[in-house]
Amino acid sequence: MSESYCFGLGVGTHNAKGEWLEVYYHQPVLNPSAALYNAVKPLIESASDTTSCRLNGGQLASLATTLGSAGEDEQASIAQKLASSKRPVVLSLFTTDTAPTSVPGAYLKLHLLSHRLVKPHQTDLTGIFGVLQNVAWTNKGAIDLDELPQRQLKARLKGKTLTVECVDKFPKMTNYIVPKGVRIAHTARVRLGAYIGEGTTIMHEGFVNFNAGTMGTSMIEGRVSAGVVIGEGSDLGGGCSTMGTLSGGGNIVISVGKECLLGANAGIGIPLGDRCIVESGLYITAGSKLNLLDDSNNVVQEIKARELAGKSDLLFRRNSLTGILECKTNKTAIALNEELHANN
Ligand SMILES: CC(C)(COP(=O)(O)OP(=O)(O)OC[C@H]1O[C@@H](n2cnc3c(N)ncnc32)[C@H](O)[C@@H]1OP(=O)(O)O)[C@@H](O)C(=O)NCCC(=O)NCCS
């Protein structure tokens, strides 16, 4: 068994006060080997932050040698390259899966997700909002918001425009990692910390938050809120919504099973099992009352949607004549359009 939880050598950005704004980890490691752990442990032990420490060129060059002798060639090569970095370099190591307490630690955890080393909910992200800085993400990299006006003026005086792509605590995932086998039409709509399974296509309307994502082949044209997991073969139609738990009292963690279809502009406040369909435009909240129909469309029971949470093979619709929500057995499992969804 590995003696530690995760490790990464990263290069990042400081603000003028020397505080971390963001960190890029080229190759984060989950459950590092004992050899890797022993090579880096002495460096972290002398740091004030228990999970990360800044390294200078000399330390990195000697770490590269130690890692090389320990047989950790890939990490040795990264250390060697970082030894000549003009930007601040950090080593992060979590001995156990604890909540992040620093920007480098938080970024390492987000990298684990986007590198598909852990799935959503598999790593402790408690308090991450409080740890991360709100940052201006620009064509010149991450800039502290307090320093932005001066940087904008400086650019203008040179006849240039500093382009602010977004202002957020979380950067675009693709500026850190593009996982294999995905299509992402609008990269700003996927935050670092998203887990995007191989075979996923995210169209312009799609959005994927951190600690959320798709397990495999999927078509995402709707919102995948924080914490939401979408099963293999499922399709989220244009503008649909999965209810988040970060605000507004929603406390059921939403998931979508395999081969489900959320119609365009539909929404769910309950988790779905496998092979479920939600009619286009229909929002099912947990407290919604529905009529359960049999195969001949006779009402067999009135039920609250939350009682159907996680159940498979259901079709939800709003009766277009009466306005009553209805749920019946779904007999037509969806199949993703192969031509549209092929990624490679
Ligand atoms: C809910 C949905 C799946 C039903 O489609 P379907 O299973 O093909 O069903 P049909 O349209 O063939 O209808 C079957 C029967 O149910 C009836 N029906 C369908 N929706 C109904 C509704 N909301 N209220 C009352 N009756 C309805 C039909 O009139 C039809 O009746 P009939 O047997 O008397 O002819 C479909 O309407 C839908 O919303 N699909 C989502 C597509 C989508 O948004 N994709 C993503 C694109 S980005």
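The values are calculated or read from the model by the stated rules, or taken from the named source; none is laboratory data. Keep in mind the model is a prediction, meaning the values are calculated, not measured. All Cβ positions, glycine included, derive from the backbone under ideal geometry; neighbour counts span all protein chains shown.
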Can you tell me which residue is nearest to Ala34 (Cα to Cα) among those in region 92-102 that are in contact with a Leu (Cβ under 8 Å, 6 or more places away or on another chain) and surrounded by 24 or more Cβ atoms within 10 Å (Cβ to Cβ)?
Phe94
Going by the conditions given, is Ile252 touching a Pro at 6+ places or on another chain (Cβ under 8 Å), surrounded by fewer than 20 Cβ atoms within 10 Å (Cβ to Cβ) and of a type outside the set (S, T, N, Q)?
yes
Residues Asn319, Asn330: which one is over 17 Å from Leu236 (Cβ atoms) and assigned by TED's automatic domain parsing to the domain that holds Ser234?
Asn319
Give region 257-310 a look and list any residue that's more than 15 Å from the ligand (Cβ to nearest atom), among the β-branched types (Val, Ile, Thr) and over 21 Å from Glu232 (Cα atoms), or say none.
Thr285, Val300, Ile303
What pairs can you find where one residue is in region 250-269 and among the β-branched types (Val, Ile, Thr), the other is within 13 Å of the ligand (Cβ to nearest atom) and assigned to a strand (DSSP E or B), and their Cβ atoms are less than 6 Å apart, with a gap of 6+ or different chains?
Val256/Ser234; Ile268/Ile284
Could you say which residue among Thr138, Thr163 is of a type in the set (Ser, Thr, Tyr) and surrounded by 17 or more Cβ atoms within 10 Å (Cβ to Cβ)?
Thr138
Please work out if Leu55 is among the aliphatic types (A, V, I, L, M), surrounded by 17 or more Cβ atoms within 10 Å (Cβ to Cβ), over 25 Å from Pro179 (Cβ atoms) and touching a helix residue (DSSP H, G or I) at 6+ places or on another chain (Cβ under 8 Å).
yes
Among (1) under 17 Å from the mean Cα position of the chain (by Cα); (2) at pLDDT below 95, Thr95 falls short only on (1)
The conditions are (1) at pLDDT below 95; (2) surrounded by 20 or more Cβ atoms within 10 Å (Cβ to Cβ); (3) closer than 30 Å to Asn134 by Cβ, and Asp49 fails exactly one of them. Which is it?
(2)
Residue among Ala194, Ala266 that is crowded, with 22+ Cβ neighbours inside 10 Å and closer than 18 Å to Gln122 by Cα:
Ala194
Could we say that Ala16 is touching an Asp or Glu at 6+ places or on another chain (Cβ under 9 Å) and either at pLDDT below 95 or surrounded by fewer than 23 Cβ atoms within 10 Å (Cβ to Cβ) (or both) here?
yes
I'd like to check something: does region 124-140 contain any residue that is more than 22 Å from Lys41 (Cβ to Cβ) and over 24 Å from the mean Cα position of the chain (by Cα)?
no
Of (1) touching a helix residue (DSSP H, G or I) at 6+ places or on another chain (Cβ under 8 Å); (2) in contact (Cβ under 8 Å) with a residue 40 or more places away in the chain; (3) aliphatic (A, V, I, L, M), Val164 satisfies every one except (2)
Residues in region 190-212 that are within 18 Å of Glu165 (Cβ to Cβ) and touching a Gly at 6+ places or on another chain (Cβ under 6 Å): how many?
2
